Amino acid sequence: MALATGFAASGSLVAAPSLSLGDAAVCHAPDAPQQMVAAPQSSGEGAVPPGATRVNADSLNGQSQTRVHAKGDVVVERGTQTLNADWIDYDQQSQQLKAGDAFTLADGNSRVSGSNLAYNLGSQEGEAEAARFEAENDNRRLQGVGEKIQMAGKNRYRLSQAKFNTCNPGDDSWYIEAASIDADYDKNIGVARNAKFVFGGVPLMYTPWIDFPLNGDRKSGLMTPTVKIGSDGFELGVPYYFNLAPNYDATVKPHFISRRGLQLGGQFRYLQPKYQGSVNGEWLPDDRASEHHNRYKLDWQHRHQFSTKLSGGIDFHQVSDNDYYRDLMGSSTSSNVNLNRQLWLDHQTEAWGGRLSSYFTLQKYQTLASSSGYKDPPYAMLPRLSSNWSRHFNDTYSANVLAQATYFSHRDKQEGARVVLNPSFMADFHNDWGFVRPKVGVHATYYDLRAFEGERARHVSRILPTFSVDSGMVFERPWRWRDEGLIQTLEPRLFYTYIPKRSQNDLPLFDASENSFTYEQLFRENRFSGQDRINAANFITAALQTRLYDDKTGAERLSAGVGQRYYFNKDTVLLDGSIAKTERDRSDILVFARGNINDQWRVEANWHYNENLKTSENFDAGWRYSPEPGKAVSMRYKFGRYEEIYDGNYGKIRQIDAAVQWPIRRNYYIVARQNYDLTHSRSLQQLLGIEYQSPCRCWSASVVGQRYITGINESKNAVFFQLQLRNLTSVGNNPFEQLRTAIPGYSSIYEVKH
């Protein structure tokens, strides 16, 4: 054991701190936190040898340097420990010391200060009076004061008659006051006994015992209750979390709904090197507000990596009745109409000089009826096997072969098997200013159909060649706007497609549907999705697009384009498979524009003009202004001449959608949205709320009210309230998802710097 002595200028260390978390005149900014307990100053003499203790002071006395008394700016260093004090009495043999009249002791990320200290430097055990404690771990702070603090070894502390919070120094806007607080950083557990939660100086809640993780890791125990008020009355959820293992956990959540009854929910998650997944469930045994009484919801998602080439998974969803999502999930059935139930395998490998991707699936849906009883369930695939082989022979030529076999099952429609073979070959001739990409292919389809509605089982096939040429040029010029350097392009493009006509009304409709007519659809060979319908084609698409790029970063700032098809043959295949003649020799006109005018403004517009009727088919335009996080204003208008409104009903729609997040004064933010149907003079969704963040960002509160349409003449209301305590917990029901989806450019107020 070694003892070193040194001398420094005389003077008092610090005054003993009072037992308050808010001694500082103002709290410190969270992006530049400072310590409530000042870090002790070292001697500046470098590292202390292992097992040695160094003592520096203005004056030092002792008997043979065994028992030492030092006073005046005392600095004691041993290992990672540093102690500053006005005076100390130190026994080198037992490593026991006493310190006063004020001291600061630091060991790694934790610091303690107080008036008097009895401490063992070897075992790191001791006791202090009128103490203040602070620790930092993984960017999480814990600070506290107590009449007494006991140190029970490295990283273990107990505070008596104490207060603590996770705020920045000087911020006591909230705290937990307890008879005792234990902090064990090795076990990552904090425990408070006979504790009460004090907010703004007012006690709000008492508990005889509470525990919490010290670094944000998972820990078994009661989680923060969730509270909601809305159309279903008062709702309270009290989840309990089970940290079963590093790779397993579970949550059980009793959920009381005053209008409906008691619901039990739960989740189980698992993670292994080769597989992972989760199981979620809800059960409401007796719903007092519905004709459905035994109501449940089950979701299971699993992914398995069998080898480097083979993976698979399960995606299963089930609810007890058609109204479950409308009644209990706060959403319209139109967005949850088909619940997936699927088992799949995916295999990737190299074959014949190219890439071979194979996919196998069994897939069936639970289809939910709308509030009016309408539903149209899709076919089940029992099973589907699909393989796609692709190969690039050089920079110019490539080949692709799709092979697919599917058995389609349906309770009320034609059932049967379908086999598809679709080889294609493409060349890509290009340089810096243009490209030409010819492509040829063959689409062969074979059906084995079962007997249906008095018609006998039958076999039918279809073989169609396809040919297309995509070509374009790119011209560039420098351009300046408001002293900003830009590059503008002019990009003419021609796309030609030929597919011979073939009546297909003898073929079933297993998975085909007609795609929306968009600008991107202008450059596709087939206007149908799926494999059951292939349009007749002898047309050319002419389009012109322009873009603006930043000449320094290359980032795209704005793009706009216009396009139209010209038909050389007026034969067309309809969705029912029949061939019809059209009087038109050209398609509707499509126009789009979108981009960022600058870092603050974004605009977007799409226009579909029906040349035959000389009117707009649909139009939407919008803008968003977001100068910085926490400030976002957006507006969008949408018009549709003939679009689906609800449950297969079509008609004209005119909607306006306005949203805002904006500070109304320092730390206060208003959030609002109004989505209004001008045609039917009704609001589709309304949202209004206010968010507050404390000046030191140690807590925030949100109150948000929402009203939304769930069906024809049906709507629901909800009020969300949340109090969030930084790095500790939150109380209420977090409205973040509602705000993020409702307000374009929305930022969590924790992302906002004041």
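The values are calculated or read from the model by the stated rules, or taken from the named source; none is laboratory data. The shown structure was predicted, so the numbers you read here are calculated from the model rather than taken from an experiment. FYI the Cβ positions are ideal-geometry reconstructions off the backbone, even for glycines, and counts take in every protein chain you see. All accessible areas refer to the heavy atoms of the entire protein, side chains included, with ligands and DNA or RNA removed. Shrake-Rupley method; radii C 1.70, N 1.55, O 1.52, S 1.80 Å.
Where Rh is the Kirkwood radius over the Cα pairs of segment 566-616, the temperature 20 °C and the viscosity 1.002 mPa s, what D in µm²/s does Stokes-Einstein return?
It diffuses with D of about 155 µm²/s by this estimate.
What residues have an amide H closer than 5 Å to that of residue 153, excluding those fewer than 5 places away on the same chain, when H is modeled at 1.01 Å from N in the peptide plane?
Hits under the 5 Å cutoff: 125, 126.
Straight-line reach from residue 309: which aspartates and glutamates fall under 15 Å, measuring Cα to Cα and dropping same-chain residues less than 8 apart?
Within reach: 346, 350.
Answer with one residue from 348, 314, 410: the one whose Cα lies farthest towards the positive end of the charge dipole of segment 314-437, charges on Cβ with Lys, Arg +1 and Asp, Glu -1.
Going by the Cα projections, it comes out as 410.
Around residue 474, under 13 Å between beta carbons, what's the net of Lys plus Arg minus Asp minus Glu among the other residues?
Net of charged neighbours comes to 0.
Can you tell which of 684, 609, 597 lies farthest toward the positive end of the dipole of segment 591-703, using +1 and -1 charges on the Cβ of basic and acidic side chains (Lys, Arg; Asp, Glu)?
Towards the positive end, the residue furthest out is 597.
Viscosity 0.692 mPa s, temperature 37 °C: Stokes-Einstein D of segment 350-479 from its Kirkwood Cα radius, in µm² per second?
Stokes-Einstein gives a translational diffusion coefficient of 178 µm²/s.
Under a point spin-label approximation (7 Å from Cα along Cα-to-Cβ), what is the residue 614-residue 346 distance to one decimal in nm?
For the pair residue 614/residue 346, the computed spacing is 5.2 nm.
Please say if segment 330-399 is rounded, prolate or oblate, where rounded means a/c under 1.5 for a ≥ b ≥ c the square roots of the C-alpha gyration tensor eigenvalues, and otherwise the choice is prolate for a/b larger than b/c and oblate otherwise?
On the way: a/c = 4.06, a/b = 2.73, b/c = 1.49.
It comes out prolate by the Cα gyration axes.
Sorting check: for 717-728, 161-172, 283-294, 557-568, which peptide has the highest mean count of neighbouring beta carbons within 10 Å, and how do the rest follow?
161-172, 717-728, 557-568, 283-294
Contour minus end-to-end for residue 222 and residue 479, with contour as 0.36 nm per residue of separation and end-to-end as the Cα-Cα distance?
86.4 nm
How many times 2.2 N^0.38 Å is the alpha carbon radius of gyration of segment 372-442? The partial results should precede the final answer.
Numbers: Rg = 19.1 Å, N = 71, 2.2 N^0.38 = 11.1 Å.
Here the Cα radius of gyration is 1.72 times the empirical estimate.
Given charges of +1 on the Cβ of Lys and Arg and -1 on the Cβ of Asp and Glu, with all other atoms neutral, how large is the dipole of the chain about its Cα centre, in debye to the nearest 20?
1540
Using a probe of 1.4 angstrom, how much of the accessible area of segment 372-452 is carbon and sulfur, in percent?
58
Give, in whole angstrom and from largest to smallest, the semi-axes √(5λ) of the equivalent ellipsoid of segment 96-151, with λ running over the eigenvalues of the Cα gyration tensor.
Those come to 19, 13, 8 Å.
Would you kindly work out the equivalent ellipsoid of segment 191-278 from its C-alpha gyration tensor and give its semi-axes, the square roots of five times the eigenvalues, largest first in whole Å?
Ellipsoid half-lengths, sorted descending, are 27, 23, 10 Å.
Can you send over the solvent-accessible area of residue 148, 1.4 Å probe, protein chains only, in Å² to the nearest 10?
In the full protein context, residue 148 sits at about 80 Å².
Would you compute, for the Cα atoms of the chain, the largest minus smallest coordinate along each principal axis and list the three values in descending order, in whole Å?
So the extents along the principal axes, rounded to whole Å, are 112, 68, 54.
Roughly how much of residue 426 is accessible, in Å² to the nearest 10, using a 1.4 Å probe?
Roughly 70 Å² of residue 426 is accessible to a 1.4 Å probe.
How many nm separate the modelled label positions at residue 231 and residue 444, each set 7 Å beyond the Cα in the direction of the Cβ?
About 5.5 nm separates the two model spin labels.
Can you give me the relative contact order of segment 214-264 as a percent, contacts being Cα pairs under 8 Å and 6 or more apart?
Reported as a whole number, the value is 30 percent.
With all protein chains present and a 1.4 Å probe, how do 584, 384, 67 order by accessible area, largest first? Could the numbers behind the result be given before it?
Numbers: 584 60, 384 35, 67 140 Å².
Final ranking, largest accessible area leading: 67, 584, 384.
In segment 136-283, carbon and sulfur make up what percent of the accessible area (probe 1.4 Å)?
Carbon-and-sulfur percentage of accessible area, whole number: 57.
Please list 121, 575, 204 in order of solvent-accessible area, largest first, computed with a 1.4 Å probe with all protein chains present.
On the way: 121 5, 575 65, 204 105 Å².
Largest accessible area first, the list is 204, 575, 121.
Ranked from highest to lowest mean number of other Cβ atoms within 10 Å per residue, what is the order of the peptides 126-137, 591-602?
126-137, 591-602
Which of the pairs 614/638; 413/652; 228/364; 154/219; 98/148 have their Cα atoms more than 24 Å apart in this structure? Please list the in-between numbers first.
On the way: 614/638 19 Å; 413/652 31 Å; 228/364 35 Å; 154/219 21 Å; 98/148 15 Å.
The pairs that break the limit, which is 24 Å between Cα atoms, are 413/652; 228/364.
Using every Cα-Cα pair within segment 509-597, state what percent have a distance larger than 20 Å.
Tail fraction, whole percent: 47.
Could you quote the convex hull projected area for segment 478-633, Cα atoms only and averaged over all directions, in nm²?
Mean shadow area of the hull around the Cα atoms is 12.4 nm².
Just the projected area, averaged over all directions, of the convex hull on the alpha carbon atoms of segment 568-716: how many nm²?
Mean projected area of the Cα convex hull: 13.4 nm².
Which value in deg cm²/dmol, rounded to the nearest 500, describes the helix-derived mean residue ellipticity at 222 nm for the chain, given -39,500 (n - 2.57) per DSSP H run of n ≥ 4 and division by the residue count?
-500 deg cm²/dmol
Evaluate the relative contact order of the chain (contact order divided by residue number), counting alpha-carbon pairs under 8 angstrom at least 6 apart; express in whole percent.
So the answer I get is 6 percent.
Please list 527-533, 435-441, 576-582 highest first by mean number of surrounding beta-carbon atoms within 10 Å per residue. Let's see the in-between values first.
Details: 527-533: 18.7, 435-441: 16.0, 576-582: 12.0.
Output ranking for 527-533, 435-441, 576-582: 527-533, 435-441, 576-582.
Pulled fully out, how much extra length does the chain show between residue 428 and residue 264, if you take 0.36 nm times their separation in residues and subtract their Cα-Cα distance?
Gain on stretching residue 428 to residue 264: 53.1 nm.
Write down the accessible area per residue of the chain in Å², having rolled a 1.4 Å probe over the full set of protein chains.
That works out to 51 Å² for each residue.
Quick check: convex hull of the Cα atoms in segment 123-232, volume per residue, rounded to a whole Å³? Before the final figure, lay out the partial values.
Working: hull volume 14.5 nm³, N = 110.
Dividing the Cα hull volume of segment 123-232 by its residues yields 132 Å³.
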